1. Using the Karplus curve 6.51 cos²θ - 1.76 cosθ + 1.60 with θ = phi - 60°, what ³J(HN,Hα) values do you get for each residue of segment 208-213, in whole Hz, with x for Gly and Pro?
2. Are there trypsin sites (Lys or Arg not before Pro) in segment 54-106 that DSSP puts in a loop and that have at most 10 other Cβ atoms within 10 Å, and which ones?
3. Under unit Cβ charges (Lys, Arg +1; Asp, Glu -1), what dipole magnitude, rounded to 20 debye, does segment 36-185 have relative to its Cα centre?
4. Roughly how far apart, in whole Å, are the Cα centres of segment 261-333 and segment 153-201?
5. Once phi is turned into ³J(HN,Hα) by the Karplus curve 6.51 cos²θ - 1.76 cosθ + 1.60 with θ = phi - 60°, what whole-Hz value does each residue of segment 93-100 show in order, with x for glycine and proline?
6. Name the residues whose placed amide hydrogens come within less than 5 Å of the amide hydrogen of G155, ignoring near sequence neighbours (fewer than 5 apart) on the same chain.
7. Keeping all protein chains in position, work out how much accessible area Y257 exposes to a 1.4 Å probe, and write it in Å² to the nearest 10.
8. Kindly report, to the nearest 10 Å², the accessible surface of R228 as traced by a 1.4 Å probe over protein heavy atoms only.
Amino acid sequence: MATITNAVTAATLGTASNIREDLGNVIYNVSPFLTPFTSNIAVTAATNDNHEWLTDTYSAAETTNANVEAPATVTGSVDSRVRKGNNLQIAQKSVVVTQKAEILDRAGVPGKEMAYQLMKLGKELQMDIEAQLLCIFTTGTTKNVKAAGTSSANGKAAGVPSWINTNEQLSAGTANTASDGTTGPAPGTSAAMTTARMNALIDGVWSNSGDFSSAKLMGSAGVISAMRDNAAVGQGMSTSVDTDASNGEIINRVAVYVSQFGPIAVVPNKHMPADTLYLLDYSTWGLAVAGGKKIHSTEVSTGTSAKQTLLQSYYTLEARSEEANGAYYAINA
């Protein structure tokens, strides 16, 4: 059946550009923002470009510690404290908003455009820090190691893989050779995750941890899927399938790896390297920031009818006990 002749329709109004656009007054941001690592470790103060801390270890337990009463000589203990340090890195982003942009009516931004942009950039900065501290390489084959800043070179904070040395597993390639932030691993061609390597990784962390109960497995979605789907390794994954009769939902969760020493929480992280799995004790890491806060803002003069704001974070990573952490590289995910 045809439309009534000469009727005013939506199509004719649209041709005359007489129908207002249908633009919702909300801006939806679907990009990943969660930062499971840096949001869960301690935040401390950095007061020097070379931020330092001390580590110490207990002596191994003895089975022959028996002595006479009031011995004539007493042997002193050995001080095993180690001084470690990491360099500050400056992460920054800036935004320019013109006076005209602030004046006009903008959909989804009820307040100042500058305030909206700064909120967005602040989250982007935190994601940059998360990804940088977890990555293995920066550009090309340059490892994610520390470097002091100069007038012509960027300061660099060594990330997690440059500190982990005691507990490493690689399907292929070369492991890290030190635990001082100056070296890093060089994983080779990825291979399937194996039960033997997973057990060796967990054994090592358990043997060197102060409190293994706080250890967590962190990986990308692909690595976690590989761990779940691998017929051998997946035997350690605890899957929970729940149903909600009221709305017919089926909820499939994979959140725990049941190891030989008990359950370990599995934490997916969108900012992890695609082929890496970390076994981390959050209490042994620290994010050191300079100036008393994570993000500093500076107004930059533009000399025109626009405002520019610079956001900067001066930060570095503390590795307080690398022995209580582990890494499994070159996983085929």
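1. Karplus values, whole Hz, x for Gly and Pro: 10, 8, x, 8, 5, 5.
2. The qualifying sites are R81.
3. For segment 36-185, the charge dipole is close to 640 debye.
4. Each part reduced to its Cα centre gives a spacing of 17 Å.
5. For segment 93-100, the Karplus curve yields 8, 9, 9, 10, 10, 6, 4, 5 Hz.
6. Close amide H contacts, sequence-distant or interchain: I90, G149, T150.
7. Using a 1.4 Å probe on the heavy atoms, I get roughly 10 Å².
8. Ignoring ligands and nucleic acids, R228 comes out at about 100 Å².
The values are calculated or read from the model by the stated rules, or taken from the named source; none is laboratory data. None of the values given here were measured: they were computed from a predicted structure. For neighbour counting, all protein chains shown are included, and Cβ atoms are generated from backbone atoms with ideal geometry for every residue, glycine included. Areas reflect the complete protein model, heavy atoms only, side chains present, ligands, DNA and RNA absent. Shrake-Rupley method; radii C 1.70, N 1.55, O 1.52, S 1.80 Å.
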